[in-house]
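Note sheet for the following structure.
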């Protein structure tokens, strides 16, 4: 490490990077995982070095966020140098259902343990089944096969959210039982503010908390337009300079 690098890296940031917990925590954050109080050592590490690590990750155009509920995650900007984790609309909707279940009276009654079937049933209670089926298959006729495919998609969504640290398996890996982490409040903007779910989801996308393929494409086009405008401005400035020289 050169002397210049030593000048840039503060002693506390150097201590954070040298900490034996850093490689695992860094890998988890970069993969999109949320780190809550369930991970005592990793969470305590992030609390100790939050400011230094936030500056570190900003060099990659991402922010280290500590949510009001206490969990940590990386929030990417449009120009992020770290691959972002993009959720489908169904995965986001399942996340909202998990948030509702986390706040439900049943959570206390069931010692915080839920099943995949309960998520599926609650999803059907909160959303129009025909629209959900159309999301899986545009030509859906409401057949048993279509409903089976929807159930499979919901299971896949739960698996994805498990990998992001939002739920934790209880018992056997294939038991379908799990507990819900506070990190599901990433989907709980409308729960916090009492807003309309659709508007809350749009706000999540606008704030960079979530993304859809359409929003990512819009970001890409906006960046391309900014680059083109910058090039045009540079060309105009060059022409003005040439005219002044003449």
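Derivation of every value follows stated rules applied to the coordinates shown; laboratory data play no part. All values derive from a computational prediction rather than experimental measurement. With ideal geometry, Cβ positions are generated from the backbone for all residues, glycine too; neighbour counts draw on all protein chains shown.
Observations on the model:
- Rg and Dmax of the stretch 89-187, both derived from C-alpha coordinates alone, stand at 13.3, 40 Å.
- Between residue 111 and residue 172, residue separation times 0.36 nm minus the direct Cα-Cα distance comes to 20.2 nm.
- Debye equation applied to the C-alpha atoms of the stretch 3-76, log10 I(q)/I(0) at 0.13, 0.17, 0.18, 0.25 Å⁻¹: -0.35, -0.60, -0.67, -1.26
- Take every Cα pair under 8 Å whose residues are at least 6 apart in sequence, average their separation, divide by the length of the stretch 3-76, and the relative contact order is 29 percent.
- Across every direction, the projection of the convex hull enclosing the Cα atoms of the stretch 1-137 has a mean area of 11.1 nm².
- Among 96, 77, 147, the order by Cβ neighbours within 10 angstrom, fewest to most, reads 77, 147, 96.
- Most to least packed among 156-168, 131-143, 52-64 [average Cβ atoms within 10 Å]: 156-168, 52-64, 131-143
- Pairs of Cα atoms nearer than 8 Å and 6+ residues apart set the relative contact order; for the stretch 89-187 it is 38 percent.
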